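Asker: Before I ask anything, let me first share the structure, which is written out below as structure tokens.
The values are calculated or read from the model by the stated rules, or taken from the named source; none is laboratory data. Nothing here was measured: the structure is a model prediction, and the numbers come from that model. Note that we place each Cβ from the backbone using ideal geometry, even for glycine, and neighbour counts take in every protein chain shown. Note: areas computed on protein heavy atoms with side chains; ligands, DNA, RNA excluded. Shrake-Rupley method; radii C 1.70, N 1.55, O 1.52, S 1.80 Å.
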Amino acid sequence: QVQVVESGGGLVQAGGSLRLPCAASGIIFSTNTINAMGWYRQAPGKQRELVAAITSGGSTNYADSVKGRFTISRDNAKNTVYLQMNSLKPEDTTVYYCNVNITGPFGIGMDYWGKGTLVTVSS
């Protein structure tokens, strides 16, 4: 079945960088198509928000708070996306979740999520 494997979290000082890879596996391409992959983040008690996403066609979308600092890229052959996070700020500290949006049989959209990786940015 579909698995979303994410990593790259950790502790970094403000102004530093992290790179978060996310790979989707177990996708049966005869019946499923990846529409987009992206990263979300959610702090305790807060709404989960989009950080960055990229479609299979290469279109990107970023949260205003990360524009100019984060860059999302893709390797469609590997079903992998990378979130390059530069100039990290303490307010970036939270759990980051990788999302894979898939169109499955009968055109039904499905979302798969990674387990989350913690990014901690010290001041």
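Asker: Hey, could you check segment 23-45 for residues that are without any contact (Cβ under 8 Å) to a residue 24 or more places away in the chain and at negative phi and say which is nearest to the chain's Cα centre (by Cα)?
Answerer: Only one residue tops the list, namely Pro44.
Asker: Ok, one more. Would you check if Gly8 is at positive phi and crowded, with 16+ Cβ neighbours inside 10 Å?
Answerer: yes
Asker: If you check Ser65, Ser30, which single one turns out to be modelled with pLDDT of 95 or more and open to solvent by 30 Å² or more (accessible area, probe 1.4 Å)?
Answerer: Ser65
Asker: Kindly indicate which of Leu20, Leu50 is under 11 Å from the mean Cα position of the chain (by Cα), modelled with pLDDT of 95 or more, under 19 Å from Gly109 (Cα atoms) and not charged (D, E, K, R). Steps first, answer last, please.
Answerer: Details: Leu20 fails: under 19 Å from Gly109 (Cα atoms).
One residue alone meets the criteria, Leu50.
Asker: Please indicate, with yes or no, whether at least one residue in segment 70-78 is within 26 Å of Val12 (Cα to Cα), among the basic types (Lys, Arg), open to solvent by 70 Å² or more (accessible area, probe 1.4 Å) and in a loop (DSSP other than H, G, I, E, B).
Answerer: No, that holds for no residue.
Asker: In segment 90-123, which residues are in contact with a Phe, Trp or Tyr (Cβ under 9 Å, 6 or more places away or on another chain) and in a loop (DSSP other than H, G, I, E, B)?
Answerer: Answer for segment 90-123, where residues must be in contact with a Phe, Trp or Tyr (Cβ under 9 Å, 6 or more places away or on another chain) and in a loop (DSSP other than H, G, I, E, B): Gly114, Lys115, Gly116.
Asker: Could you please let me know if Ser87 is among the polar types (S, T, N, Q), in contact (Cβ under 8 Å) with a residue 40 or more places away in the chain and either in a loop (DSSP other than H, G, I, E, B) or touching a strand residue (DSSP E or B) at 6+ places or on another chain (Cβ under 6 Å) (or both)?
Answerer: yes
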